[in-house]
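Just so you know, all these numbers are worked out from the coordinates, no wet-lab data involved. Everything quoted here is computed from the prediction, not taken from an experiment. Cβ placement follows ideal geometry from the backbone for every residue including glycine, while neighbour counts extend to all protein chains displayed.
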Amino acid sequence: MELQSDKGKTVAILSYITIIGFIIALVMNNDKQNKSDLGVFHLRQALGIYLTGVVLSIAQGIFLFIPFLGWIINLAITLSLIALFVFWILGLIAAVNSEKKAVPFVGKFYQDLFGSIG
């Protein structure tokens, strides 16, 4: 039983370590021997954080070329990206501690949105 929780923890931690780590964790989680609720939970959280970051970065690139109003929106997006980085750190810490703790504000939304993972 201890081995099972350790593998869930490995999947959980890997899901936060770059996109390649996420893909490796996803493949590991698809193996019945490595599948765990902890791993699935953190796969959903990490995927939500990554996709939100990509969408915000694309929006930032679009608004960059709009004078004044675009710059103000860019500032808001930059602050959102900083908050997203903090959420990533909080998710990684929860994975290291084997906790199923959702990231603030958007964690529950990610769990609902990516419910098909797992």
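Please compute the contact order of the chain in relative form: average sequence separation of alpha-carbon pairs under 8 Å and at least six residues apart, divided by the residue count, as a percent.
Averaging sequence separation for qualifying contacts and normalising by length gives 30 percent for the chain.
Among the helices of the chain (complete DSSP H runs), which have Cα atoms covering no less than 30 Å along the helix axis and a Kyte-Doolittle mean of at least 0.0?
TM-like helix candidates: 37-63, 69-96.
Please give the charge dipole size of the chain, origin at the Cα centre, charges +1 on K and R Cβ atoms and -1 on D and E Cβ atoms. Round to the nearest 20 debye.
80 debye
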